[in-house]
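Report on the following structure.
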Amino acid sequence: MQIKTTRRSVLAAGLGGSAALFAPAYIRSARAAEFNYKFANNLALTHPLNKQAQAAADRIKAETNGRVEIQIFPSSQLGSDTDTLSQIRAGAVDFFTLSGLILSTLVPAASINGIGFAFPDYPTVWKTMDGELGAYVRAQIDKVGLVAMDTIWDNGFRQMTSSSKPITSPADLKGFKIRVPVSPLWTSMFKAFDASPASINFNEVYSALQTKVVEGQENPLAIISTAKLYEVQKYCSLTNHMWDGFWLLANKRIWEGIPADIRTIIAKNFNMAGLAEREDVAKLNAGLQSELAGKGLTFNNADAAPFRDTLRKAGFYSEWKGKYGEQAWSLLEKSVGSLS
Ligand code: X2X
């Protein structure tokens, strides 16, 4: 002890003023990054989105030699989707993956991919969302002070679950108390089925199902699994009633303040991660029906045709075509064929 103390004071005396100037700067750069960002999302840590977001954050840190540190907050830790949307606009959150349908409360065009039964399969989804319609939506997002990365991440084709009865036909939805995310498109669609939709943020869904505030909900299998919704639901109807994806959003003011070379590294890695997440979800999906059946969910298939007819007869497609406008609607129909 005695010797060390003596040695240190000798060293300090020897280095003099320069040590006092440089030591703190050195310590800071070794311990903390120059750019620290918060990335929020509503999914469990076990969902592929979080695995790939973390992988991207690690690559970004390495490629920027530690200058950029992105901390991920899963499971709505920073607040519900509705709260986080306000926070990213205010700049309190830097990055946020949000369903386009929920984003539509701010950017109406962003829900268009959720139009009921629009997409027949994944190849059509990616062709559309990586193509003109996706570019159109990103341009609308840009107008509200947010930036969307080019690659939309997969949430998935949504399926309906219930604690009370299987949903096999549109008639089963009459009066059905179903949780929907906070978005006019979801409410409108389930009203068109004569169901009784309740808008609830995802961080409250498990308990809303458990306490039977609602009978059912709808989500892709990857979420039914990773959020453990099978623990509080009995039936799963494979309706594939819409495709939903997550835009990776950045606060525009913060984004444009990042040096261009760093921005390029971040965007590249986030877009790569989005593509990897799509593959992970596809792999997961392949085994999920049997895995969830093993955990007690009873599955049934549902023919899309009568559901689609019900929506058509209720005027759902013509109403939403009017809301989105000719340009957006024709970009969608160019990919998926005529809807109305
Ligand atoms: O809230 C949901 O149901 C979820 C997790 O799928 C979305 O983010 C839209």
Kindly express, to the nearest 10 degrees and within the range 0 to 90, the angle between helix 304-313's C-alpha long axis and the longest C-alpha principal axis of the chain. 80 degrees
Can you list residues from other chains, or at least 5 along the same chain, whose modelled amide H is less than 5 Å from the amide H of residue 44? 75
So how much slack lies between residue 142 and residue 92, counting 0.36 nm per residue of separation and subtracting their Cα-Cα distance, in nm? 16.2 nm
For the chain, longest principal axis from Cα atoms; helix 132-142 axis from its Cα atoms; angle between them, nearest 10 degrees, is 60 degrees
In Å², rounded to a whole number, the accessible area per residue of region 33-336 with probe 1.4 Å is 38 Å²
Sorting 261, 309 by accessible area (1.4 Å probe), largest first, what list results? 261, 309
For the chain, longest principal axis from Cα atoms; helix 48-63 axis from its Cα atoms; angle between them, nearest 10 degrees, is 30 degrees
If each DSSP helix of 4+ residues adds -39,500 (n - 2.57) and the sum is divided by the residues in the chain, what number results at 222 nm, nearest 500 deg cm²/dmol? -15500 deg cm²/dmol
Compute the orientation-averaged projected area for the chain from the convex hull of its Cα atoms and round it to one decimal in nm². 21.5 nm²
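Can you pull the percent of region 33-336's accessible area that's carbon plus sulfur, 1.4 Å probe, other chains left in place? Can you show the working numbers first?
On the way: 5980 of 11700 Å².
The nonpolar share, carbon plus sulfur, comes to 51 percent.
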Partner lysines for residue 127 [C-alpha distance under 16 Å; skip if fewer than 8 residues away on the same chain]: 334
Can you tell me which lysines have their Cα less than 23 Å from the Cα of residue 212? Leave out same-chain residues fewer than eight positions away. 165, 174, 177, 191, 228, 234, 295
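The values are calculated or read from the model by the stated rules, or taken from the named source; none is laboratory data. Being a predicted model, the structure only gives us computed values, none of them experimental. In case anyone asks, the SASA skips ligands and DNA or RNA and just uses the protein heavy atoms, side chains included. Shrake-Rupley method; radii C 1.70, N 1.55, O 1.52, S 1.80 Å.
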